[in-house]
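First comes the structure, then the notes that go with it.
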Amino acid sequence: MLNCRQASELLSRSRDEELRWTTRLRLRAHVVFCRCCSSLERNFDTLGGLIQDKSADEADEQWTEDLAEKISRQISQQSSEKDQSDSGDQDEADNKKDH
Amino acid sequence: MSETQSEPDLLEGLRAGDPEAFRKAVKTYAPRMRRTASAIAGEDAADDIVQECWISVVRNIKGFEGRSALGTWLISIVANRARSHLRKTNRQDKRRREPIREESLDDLFDQRGYWKTPVSDWGSAMPEGLLESEELRNCFRIHLERLPEQQREALVLREMNGFSYDDICEALDVSPANARVLLHRARTVLFRMVDGFRETGEC
């Protein structure tokens, strides 16, 4: 039988990965009888919502429009320039992040 | 992570240097990039970081091989730049962003591994509207900023951007076991913070 500490770790993991069915079964068996861990599972959902903070999206709209316009204009200006060699160190680092 | 249906078409347009494709890509991805930059490096720096990223993307899009989803690549770039920015500013101002006290899980559980104090379901135990209140959101942002760097990044990449363990491990250069611990610790700290706010109304 899992204790609450183990269950809380598995509740966190279950948000990020598919647990093995035996592990899922043990976790469910704990959560169904443990009011605290049952609450924690729902509270983790709430935390996820707070991190995503969708309320910020509305404020982003005008800024996104302006940035899109700026980048689009820059592309238009650069369309005749084919020389891509002048990218800095950070650009090279960014390229390495292409996984 | 969920991406737009037309990502291959969008990518083709970006590689061809089509201004309209860039406009569409910015509209699709920039809000999430901004939130990511803000969560890692702070709100004040987020706009500049995202703008710099797009300038870099304009230059480097032809080198993007498509081994990851476009959104994952963009978020990785923004997280990388936000991290660099944060380290630079932290070096300049040591007083900024004093890290939160690393809470031991032993504080929460007794020797047998059971909760020391009962956990309330926020959905039913919180005063109405508190979860949506600006005070709580501000307090939450402050605590998110004060998490240890890797915990914060892991949580932002996972919960805000839907990164897989593999993507998190690659972005943070940690093992899957480490990623699990980072995410669990980060969630536990923020859980305690919201719980404290619920009880006292203070940040």
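Remark: mean inter-chain Cβ contacts per residue of B:150-162 equal 2, using a 10 Å Cβ-Cβ cutoff to other protein chain atoms. Taking label points 7 Å from Cα along the Cα-to-Cβ direction, B:T89 and A:E18 give a separation of 4.0 nm. Here the peptides B:169-182, B:65-78, A:16-29 are ranked by packing, the mean other Cβ count within 10 Å, and the order with the highest first is B:65-78, B:169-182, A:16-29.
Counts of other chain beta carbons within 10 angstrom of each beta carbon in peptide A:1-8 average 5.
State the extension gain, in nm to one decimal, for the chain segment bounded by B:D48 and B:S164, taking 0.36 nm per residue of separation less the distance between their alpha-carbons. Can you show the working numbers first?
On the way: separation 116, 0.36 × 116 = 41.76 nm, distance 2.69 nm.
Difference between extended and current length: 39.1 nm.
Can you give the FRET efficiency for B:A177 and A:F33, using 1/(1 + (r/R0)^6), R0 = 25 Å, r = Cβ-Cβ distance, to the nearest 0.05?
Details: r = 29 Å, r/R0 = 1.14.
For R0 = 25 Å, the calculated efficiency reads 0.30.
Measuring between their Cα centroids, the range B:160-203 and the range A:11-45 lie 16 Å from each other.
The H on the amide N of B:F109, modeled in the peptide plane, is under 5 Å from the matching H of B:K116, each at least 5 residues off or on a different chain.
Would you calculate the volume per residue, in Å³, of the smallest convex hull containing every Cα atom of chain B?
152
Nearest 10 degrees, 0 to 90: what angle lies between the long axis of helix B:70-92 and the longest principal axis of chain B (Cα atoms)? Taking Cα atoms only, the helix is inclined about 60 degrees. In this Cβ point-charge picture (+1 for Lys and Arg, -1 for Asp and Glu), the range A:1-53 has a dipole of about 340 debye about its Cα centre.
Any idea what diffusion coefficient the range A:1-53 gets from Stokes-Einstein, in µm²/s, Kirkwood Rh on alpha carbon pairs, 37 °C, 0.692 mPa s? Could the numbers behind the result be given before it?
On the way: Rh = 11.3 Å.
My calculation gives 290 µm²/s for D.
Per-residue mean of foreign Cβ neighbours for A:38-49 is 6 (Cβ atoms of other chains, 10 Å radius). Panel note: the C-alpha atoms of the range B:3-92, placed on their principal axes, show extents of 42, 22, 22 Å (largest first).
Of the peptides B:107-116, B:13-22, the order by per-residue mean of other Cβ atoms within 10 Å, starting with the highest, comes out as B:13-22, B:107-116.
The angle separating the long axis of helix B:134-146 from the principal Cα axis of greatest extent in chain B is about 80 degrees. Each other residue within a Cβ distance under 14 Å of A:L19 adds +1 if Lys or Arg and -1 if Asp or Glu, for a net charge of +2.
Computed over the range B:134-203, the range of Cα coordinates on each principal axis works out to 38, 19, 17 Å, biggest value leading.
Per-residue Cβ neighbour counts within 10 Å put B:R146, A:R5 in the sequence B:R146, A:R5, beginning with the fewest.
Values in this text are rule-based calculations from the coordinates and carry no lab data. All of these numbers come straight from a predicted model, not from anything done at the bench. In this analysis, Cβ positions are derived from the backbone assuming ideal geometry, glycine residues included, and neighbour counts consider all displayed protein chains.
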